[in-house]
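The values are calculated or read from the model by the stated rules, or taken from the named source; none is laboratory data. Being a predicted model, the structure only gives us computed values, none of them experimental. Ideal geometry is used to build each Cβ from the backbone, glycine not excepted, and the neighbour counts take in all protein chains shown.
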Amino acid sequence: MKKYYIFFLFIFILGCNDPIKIDLQSYSNQIKQISSLEEDALKRWNSVSGSNFVNDGYMYQALDTYIIDNYSRFLDKLSNIKPQTKEIQELNNIYIDAAQKQLNGFKMMKDGLEKHSKDIMNNAYQLLTDGRAEERNWVNKYEELSKAH
């Protein structure tokens, strides 16, 4: 029995000494604290776009009064997360890039609605699509690091 205890203690100590694992846990906790800002902004966006689209004015109002402000706060807080390891810094940079594209897409959409420009709105949709693709990449990298550490 004592052998098993020492073995599990050794495994536990090894796991605690993994700086990437420790940094990933800290990073996860910080992301959880700010994720509601992104979730709320995206929920509002989904309520005025796609099959829920009502009209340009309704979408513009949602972008102007809620979506852009909340998503900007999310991006600011995300940018202020300072991971300790190179691996988690790179992970966070992927998320920051994805969120920046999303925010730029929202701002561009607002501009396109103001100017009644289909070209600007199409470019905005492309930025939003690219941002979502990068965010899926972030999720995949996050899962890979979680499994490895």
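Miscellaneous remarks
- When ASP69, ASP64, ASP76 are checked against the criterion of being over 17 Å from the mean Cα position of the chain (by Cα) and more than 17 Å from ARG136 (Cα to Cα), a single residue qualifies: ASP64.
- The set of residues in region 117-141 that are more than 26 Å from TYR27 (Cα to Cα) and polar (S, T, N, Q) comprises SER117, ASN122, ASN123, GLN126.
- Residue check, GLU144 surrounded by fewer than 16 Cβ atoms within 10 Å (Cβ to Cβ) and either within 14 Å of the chain's Cα centre (by Cα) or polar (S, T, N, Q) (or both): no
- In this entry, PHE53 passes the filter for residues that are surrounded by fewer than 16 Cβ atoms within 10 Å (Cβ to Cβ) and aromatic (Phe, Trp, Tyr).
- All positions within region 85-116 that are closer than 16 Å to TYR27 by Cα and of a type outside the set (A, V, I, L, M, F, W, C): THR85, LYS86, GLU87, GLN89, GLU90, ASN92, ASN93, TYR95
Residue-wise test of (1) at pLDDT 95 or above; (2) surrounded by 15 or more Cβ atoms within 10 Å (Cβ to Cβ); (3) among the hydroxyl-bearing types (Ser, Thr, Tyr); (4) under 22 Å from GLU134 (Cα atoms).
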{"residue": "ILE11", "(1), (2), (3), (4)": "no, no, no, no"}
{"residue": "CYS16", "(1), (2), (3), (4)": "no, no, no, no"}
{"residue": "LEU63", "(1), (2), (3), (4)": "yes, yes, no, yes"}
{"residue": "ILE67", "(1), (2), (3), (4)": "yes, yes, no, yes"}
{"residue": "ASP76", "(1), (2), (3), (4)": "yes, no, no, yes"}
{"residue": "ASP97", "(1), (2), (3), (4)": "yes, yes, no, yes"}
{"residue": "GLN102", "(1), (2), (3), (4)": "yes, yes, no, yes"}
{"residue": "MET121", "(1), (2), (3), (4)": "yes, yes, no, yes"}
